[in-house]
1. What distance in nm separates the simple spin-label points at VAL137 and ALA197, each placed 7 Å from Cα in the Cβ direction?
2. Could you work out the mean projected area of the convex hull around the alpha carbons of region 23-127, in square nanometres to one decimal?
3. Can you check what the Kirkwood hydrodynamic radius comes to for region 61-207, Cα pairs only, in Å to one decimal?
4. What percentage of all Cα-Cα pairs in region 99-139 are separated by more than 11 Å?
5. Quick one: plug the Kirkwood hydrodynamic radius of region 187-231 (C-alpha pairs) into Stokes-Einstein at 37 °C, 0.692 mPa s, and report D in µm²/s.
6. Can you report the principal axis dimensions of the chain using only the alpha carbons, biggest first, rounded to whole angstrom?
7. Could you work out how much longer the chain between GLU98 and ARG232 gets when fully extended? Use 0.36 nm per residue separation minus the Cα distance between them, nm to one decimal.
8. Any chance you could run the full-extension gain for GLU46 through PHE324? It's 0.36 nm times the residue separation minus the Cα-Cα distance, nm to one decimal.
Amino acid sequence: MRTLPRFPAAAAFLLVALLAAPALADSSRAIEVSARAFDRFALTGEETGFGELEFRGGLVLSSPDRDFGALSGLAVDRDGSLLAVADNGFWFSARLVEKDGALTGIGDARLAPILDARGNPRRTKRAADAEGLRVTVANGKSTAIVVFEQAREVSRFSLDDGLAAAVAKPMKLPDSARNLRSTRGFETVALAPRASALDGAIVIVAEHALDADGNHRGWIVGGPRAGTFSIRRLGDFDITDGEFLPDGDLVILERLFSMTEGVGVRIRRIPADRIAPGKTADGPVIMTAGLESHRIDNMEGLSIRREADGSLSVFIVSDDNQSFVQQTLLLKFSWPAHRTH
């Protein structure tokens with residue numbers, strides 16, 4: 001991958017990220033969200049292919065509601081429903097509008113506070129800092145799994161009674177995860193397929209908590225391969241999200257933020273057989289992009305949707321830190337080279 005060009009606004013980008021603070025709401029509510037569509041990912045040129053991915057449309061999302069933004073974890077279903085968590089302590093739900101496979105709009109937007117184990121809104125930044133989200137459906141019941149970075153918490157939420165009533169049920173974590181000292185801790189939570197070697201285990205990866213060899217630390221919670229592992233760190237990229245494919249491979253979203261190299265995004269695929277206790281996993285890059293050449297921002301959330309024909313769609317969303325110098329971008333790609341059956 002080429003070195004990203006110098007980004008002169010990096011200092012402002014960092015400042016707003018550090019100053020972002022949680023806001024509060026009383027219950028689930030409908031909000032107005034404007035979605036400005038665009039059909040080119042590159043800032044110049046006509047190409048539609050980027051690595052292994054094909055760009056299928058993007059949206060710039062904005063709202064007059066002061067609590068909107070800061071989206072950090074993402075789940076998109078085949079029926080077009082979208083659920084996200086924000087690191088200011090809110091759920092965001094909406095319905096995507098797609099035409100001929102392209103992302104064109106959004107509707108039915110709602111916000112609700114993410115509740116703690118006592119059923120109260122999370123009133124501090126430490127408690128509210130939701131960073132990763134996965135949704136699972138079993139026996140007709142929908143459950144969200146959310147990771148909170150600063151609180152070192154992974155909780156389950158029953159979604160059957162609605163977002164405003166979903167109370168956190170914290171999970172027991174390994175001591176090495178619970179006692180993590182890094183300030184850039186839990187960022188990714190992923191649920192391994194039952195038909196994989198990890199057999200439904202929950203995998204947590206830290207944003208920037210490095211092992212003795214300088215690689216990203218991760219934890220396999222539950223299943224036959226419970227334990228710690230690492231993901232090889234390539235360059236100055238940190239891991240911001242990840243999701244398993246049906247075959248057990250793990251797809252990770254990575255973000256570059258450097259005062260000298262600028263802002264970038266990268267997606268990697270980690271083969272299933274490399275995720276095991278004591279191992280350092282690595283895998284190929286499937287897409288990379290930089291702020292000065294592509295329509296990106298602070299990309300933090302990833303969701304992979306399997307379509308009816310076995311093809312895969314990849315969605316990524318940015319955390320705007322509720323700042324006027326950043327944007328909430330929602331991007332859609334297809335992945336023609338990787339199909340499932």
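Taken together, the values in this text are just the output of simple stated rules run on the coordinates, not laboratory data. Treat the numbers as computed from the prediction; the structure is a model and nothing was measured. When we count neighbours, we look across all protein chains shown, and the Cβ atoms used for this are built from the backbone with ideal geometry, even at glycine.
1. Distance between label points: 3.0 nm.
2. On the way: hull surface 33.6 nm².
Computed as one quarter of the Cα hull surface, the answer is 8.4 nm².
3. On the way: mean 1/r = 0.0625 Å⁻¹.
Computed over region 61-207, the radius equals 16.0 Å.
4. On the way: 652 of 820 pairs.
For region 99-139, the share of Cα pairs beyond 11 Å comes to 80 percent.
5. Working: Rh = 10.7 Å.
Answer from the Stokes-Einstein relation: 307 µm²/s.
6. So the three principal-axis extents are 48, 44, 44 Å.
7. Numbers: separation 134, 0.36 × 134 = 48.24 nm, distance 3.59 nm.
Fully extending the segment from GLU98 to ARG232 adds 44.7 nm.
8. Working: separation 278, 0.36 × 278 = 100.08 nm, distance 2.88 nm.
Full-extension gain reported as 97.2 nm.
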